[in-house]
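> Structure in structure tokens, see below.
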Amino acid sequence: MSILQLIKGLAGKEDINWGDSSTTFGRETHTGGTVNISYVDAEAVPSTNLGGYIGDHLHLQMTDTSTTSATFNINALGTGVTLSTSGLTAGRTLTFPNTSNQALIGATDLAGTGAGVGASLIGIQDTGTYFGTATVEGALQEAGVSISSLNTSTHNSGMKNGFKLAYSTASAITISGGMWALNGATNRHVYTASQITFTLGSAGSNPLSTDLTAAANTIHYIYIDDTAVISAGSNLLTASAFINTTTAPAYSHIKIGWYSGNDRCIGAVLTDASFNILPFDVRGDNYYRYRDPNFTAEFALANAPVAYASLNMSSTIPAFSTRAQVRLLASNAAMWFYFDTTSSAVTPEAHTAGVTNEVMSFDISTDTSQVVYWYADDAHNVAIDTAGYYMDEL
């Protein structure tokens with residue numbers, strides 16, 4: 001029983017007037033006057049329904065439709081959640097997700113970069129089912145693993161495009177823009193954004209390069225310097241990322257290219273008797289042509305062999321070439337010349353001189369050591385010069 005009900009049972013009507021609360025009655029005051037007050041009726045007694053005069057003025061729980069407060073806190077006495085309008089530039093409607101596995105995330109979490117927030121909470125639409133996860137962060141991680149595997153594995157390790165060499169000066173060449181796979185300490189794709197000029201020798205673009213004066217009439221190989229690339233910390237190459245040395249490369253079946261250690265060979269130049277780079281150009285069919293008016297002699301004027309003899313052309317043909325173009329001077333008319341990659345070939349390449357002192361130009365094949373075997377049908381004087389060579393796949 002409530003207090004008011006107890007009072008109703010004990011108090012007389014002269015003390016509390018029970019009746020319709022919508023009407024009033026006069027009550028004497030302590031000063032001798034009267035004041036009109038409302039009757040107390042059953043509506044003042046707590047029950048399952050509130051209404052009437054008191055009900056109209058009583059706050060009812062869970063009936064608020066809005067608030068002027070900028071924040072609203074849930075579970076204020078414990079680990080709670082605060083709904084905040086801070087940062088809003090316009091009114092927003094917050095719609096709760098209608099799925100069982102989608103959380104409601106606040107702006108602070110979405111903007112976070114730490115684990116468990118930000119992109120790790122945002123779902124993605126993956127209609128092609130390319131990813132095994134359903135969040136942006138998860139998809140990025142999967143893509144990152146794929147990209148990392150491309151960079152660190154042998155995938156596309158032999159790729160090359162560009163880096164074409166051209167003669168510039170007696171001590172410098174140009175290297176065209178391009179991108180090559182460099183399978184050095186790691187497998188990466190290095191590139192240039194423009195044509196660059198590379199100056200050979202230790203006083204040139206790379207202090208670790210071999211000086212041109214080290215030896216005359218020598219092939220200098222041009223490499224991508226893996227150590228320099230690592231030190232620079234960038235796949236974008238400058239002139240200092242290349243190096244020249246007289247050390248010949250070897251073909252790597254694992255790295256799919258011509259390498260000396262971790263350095264990848266991109267070409268070669270030849271010096272003359274004065275330690276200058278011999279002028280050259282590279283044609284579209286990978287033909288490297290020497291532009292030497294004095295030619296590059298491989299067999300000085302002498303009697304031709306009449307049985308197979310070896311002719312080592314490695315002084316003018318680099319390690320990555322097995323076919324050269326030669327100029328041959330025949331001192332006698334109607335001479336026949338035979339060339340092949342072995343000394344036992346029964347069907348060698350054959351060329352004939354039509355007139356006395358005829359200069360012929362033709363291609364010959366060599367073995368992998370740049371050696372060709374040849375003979376003539378008589379022992380008259382012959383001279384052989386290298387006009388150029390064809391580059392194998394670098």
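The values are calculated or read from the model by the stated rules, or taken from the named source; none is laboratory data. Note that this is a predicted model, so its numbers are computed, not measured. Counting neighbours? That spans all protein chains shown, and the Cβs are built from the backbone with ideal geometry, glycine included.
> Pairs under 7 Å by beta carbon, first residue surrounded by fewer than 17 Cβ atoms within 10 Å (Cβ to Cβ) in the stretch 276-293, partner among the acidic types (D, E) and part of a strand (DSSP E or B), six or more apart or different chains?
As it stands, the answer is R289/D281; R291/D281, since those pairs meet every condition given.
> Then there's this: Please state which one of D285, D281 is at pLDDT below 95, over 30 Å from H380 (Cα atoms) and part of a strand (DSSP E or B).
After applying the criteria, what remains is D281.
> Quick check on the stretch 347-363. Is at least one of its residues aromatic (F, W, Y) and crowded, with 22+ Cβ neighbours inside 10 Å?
No, there is no match, as no residue in the stretch 347-363 is aromatic (F, W, Y) and crowded, with 22+ Cβ neighbours inside 10 Å.
> Checking the structure you have, find out if any residue of the stretch 301-316 is surrounded by 16 or more Cβ atoms within 10 Å (Cβ to Cβ) and within 46 Å of the chain's Cα centre (by Cα).
Yes, there is a match, as at least one residue in the stretch 301-316 is surrounded by 16 or more Cβ atoms within 10 Å (Cβ to Cβ) and within 46 Å of the chain's Cα centre (by Cα).
> Please find, within the stretch 364-394, the residue that is surrounded by the most Cβ atoms within 10 Å (Cβ to Cβ) out of those that are aromatic (F, W, Y) and more than 49 Å from the chain's Cα centre (by Cα).
W374
> Same structure again: For the subset of the stretch 325-346 comprising residues that are over 19 Å from E298 (Cα atoms) and among the polar types (S, T, N, Q), which member is surrounded by the most Cβ atoms within 10 Å (Cβ to Cβ)?
Per the stated criteria, the residue is N332.
> So which residues in the stretch 334-361 are more than 52 Å from the chain's Cα centre (by Cα), within 16 Å of V306 (Cα to Cα) and among the small types (G, A, S), if there are any at all?
Passing the criteria: A334, A353.
> Something else about it: What number of residues within the stretch 70-99 are surrounded by fewer than 10 Cβ atoms within 10 Å (Cβ to Cβ) and part of a loop (DSSP other than H, G, I, E, B)?
Adding up the residues that qualify gives 18.
> Turning to a different aspect of this structure: Spot the failing condition for R264; the list is (1) assigned by TED's automatic domain parsing to the domain that holds N183; (2) surrounded by fewer than 20 Cβ atoms within 10 Å (Cβ to Cβ); (3) not small (G, A, S), and only one is missed.
Going through the list (1) assigned by TED's automatic domain parsing to the domain that holds N183; (2) surrounded by fewer than 20 Cβ atoms within 10 Å (Cβ to Cβ); (3) not small (G, A, S), R264 breaks only (2).
> Mind checking which residues of the stretch 173-206 are farther than 15 Å from L394 by Cβ, among the aromatic types (F, W, Y) and under 16 Å from the mean Cα position of the chain (by Cα)?
Y191
> Within the stretch 237-251, which residues are assigned to a strand (DSSP E or B) and surrounded by fewer than 16 Cβ atoms within 10 Å (Cβ to Cβ)?
A250 - this is the single residue of the stretch 237-251 that is assigned to a strand (DSSP E or B) and surrounded by fewer than 16 Cβ atoms within 10 Å (Cβ to Cβ).
> Against the condition surrounded by fewer than 14 Cβ atoms within 10 Å (Cβ to Cβ), β-branched (V, I, T) and closer than 30 Å to N156 by Cα, how does T129 come out, does it pass?
So T129 passes the test.
> Restrict the check to the stretch 128-137 and report whether at least one residue is farther than 30 Å from S69 by Cα, in a loop (DSSP other than H, G, I, E, B), touching a helix residue (DSSP H, G or I) at 6+ places or on another chain (Cβ under 7 Å) and not aromatic (F, W, Y).
Yes, the stretch 128-137 contains a residue that is farther than 30 Å from S69 by Cα, in a loop (DSSP other than H, G, I, E, B), touching a helix residue (DSSP H, G or I) at 6+ places or on another chain (Cβ under 7 Å) and not aromatic (F, W, Y).
> When you scan the stretch 176-183, do you find a residue that is crowded, with 18+ Cβ neighbours inside 10 Å, in contact with a Leu (Cβ under 7 Å, 6 or more places away or on another chain) and not aromatic (F, W, Y), even just one?
No, the conditions are met nowhere in the stretch 176-183.
> Identify the residue in the stretch 290-329 that is in a loop (DSSP other than H, G, I, E, B) and aliphatic (A, V, I, L, M) and, among all such residues, is nearest to S344 (Cα to Cα).
A307
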